[in-house]
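Take a look at the structure set out below.
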Amino acid sequence: MGDNEEIALDLGLDRAHGARIYDYILGGKDYYDLDRAAGEESLRAWPALRVRMRANREFMHRAARFLAAERGIRQFLDIGTGIPTRPNLHEVVQAIAPETRIVYADNDPIVLAHARALMSSTQQGRTTYINADMREPESILAAPQLRETLDLDEPVGLLLIAMLHFIEDDQEALRVVRQVIDALPSGSYFATTIATDDFDPEPLAKVRDLYHAHGETLEWRTKAQAQEFFTGLELEEPGLVQMHKWRPDSSNEGIADSDIAMYAAVARIP
Ligand SMILES: C[S@@+](CC[C@H](N)C(=O)[O-])C[C@H]1O[C@@H](n2cnc3c(N)ncnc32)[C@H](O)[C@@H]1O
């Protein structure tokens, strides 16, 4: 990828970054001192953060399996992919249908540096990675990697998992989601998790302040604000719920509602 040389000069190491804080809290190894400091401070402010992040990842697995196994989706666009964490999306869906094609997109150069781990496709399927900013959806939709990998005349599973809270302005977040949805054919699906402070506002206000103090954007949304992302879409059962309550399995047992600061839903694009 031609971008690599330029990006190697700016890994954004002068501040913490959401992808790397997330990697630290999930027990990964791709973070720097500033990310660890931000992660530790956030965990002190809200110890449930680790439970919440794991539950987020497990929702992604359940939603992806549902789309592949029960809705027959064979192409996915995952924006805000994050640092590779096994099982990655392609490992989940290609285990069900090896011919599945996946486009990953993220704007963190550290994720780009690890993108090879996202390329371990089955022979029958395909994966690719786009280094792009979600706030400019056209740069993702027009990318040759996307056009070569996905057939936009066939349904696509769009995943925006644990990333909309980095776009603080509601209208901007709604605009970018709508722009991607509008580019997908009828019968596509949208799956997302949306961060909220509806259940435990006090520590979450501290977490937001800490992210801001470390130079990272972060905003919580109410259920009504989260619901707006689904205007005009057909929500799958059980609708927009705390993510551990979305078609739960044994991985969700014993999770306290107050520990889960994320709504989740899967919706069909009519
Ligand atoms: C908390 S991680 C979530 C990773 C993965 N989706 C998951 O749920 O396990 C959020 C990811 O969104 C990415 N991200 C944040 N803002 C973005 C933007 N404007 N464009 C593209 N990616 C973005 C971050 O770099 C990070 O990798």
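The values are calculated or read from the model by the stated rules, or taken from the named source; none is laboratory data. All values reported here derive from a predicted model rather than from experimental measurement. Cβ coordinates were reconstructed from backbone atoms using ideal geometry, including for glycine residues, and neighbour counts include every protein chain displayed. All accessible areas refer to the heavy atoms of the entire protein, side chains included, with ligands and DNA or RNA removed. Shrake-Rupley method; radii C 1.70, N 1.55, O 1.52, S 1.80 Å.
Between Ser120 and Asp182, the simple label model (points 7 Å from Cα in the Cβ direction) yields a spacing of 3.9 nm.
Could you calculate the FRET efficiency of Arg36 with Ala69 from 1/(1 + (r/R0)^6), where r is the beta carbon distance between them and R0 is 41 Å, rounded to 0.05?
Numbers: r = 37 Å, r/R0 = 0.91.
Efficiency for this residue pair is about 0.65.
Tell me the Kirkwood hydrodynamic radius of region 167-251 in angstroms, computed as one over the mean inverse distance between distinct C-alpha pairs. Mean inverse Cα-Cα distance, inverted, gives 14.7 Å.
Roughly what % of Cα-Cα distances in region 6-136 sit above 27 Å, to the whole percent? That fraction is 23 percent.
Each residue of region 43-51 is assigned a 3J(HN,Hα), and the resulting list reads 5, 5, 5, 8, x, 6, 4, 5, 4 Hz, derived from the Karplus form 6.51 cos²θ - 1.76 cosθ + 1.60 (θ = phi - 60°), x at Gly and Pro. Across region 4-268, Cα pairs under 8 Å and at least six residues apart give a relative contact order of 20 percent. Summarised as an ellipsoid, the chain has semi-axes of 26, 23, 18 Å, derived from the eigenvalues of the Cα gyration tensor scaled by 5 and square-rooted, with the largest first.
Could you compute the net charge surrounding Ala48? Neighbours are other residues with a C-beta less than 13 Å from the C-beta of Ala48; K and R count +1, D and E count -1.
Result for the local shell: 0.
On a straight-distance basis, which lysines could pair with Lys245 in a cross-link, Cα separation under 24 angstrom, same-chain partners fewer than 8 positions away excluded? Those lysines meeting the cut-off are Lys223. Over region 4-268, accessible surface divided per residue gives 42 Å², non-protein components excluded, 1.4 Å probe.
Karplus-derived 3J(HN,Hα) values for region 22-37, using 6.51 cos²θ - 1.76 cosθ + 1.60 with θ = phi - 60°, are 4, 4, 4, 5, 7, x, x, 9, 10, 9, 10, 3, 5, 5, 5, 4 Hz; glycine and proline are entered as x.
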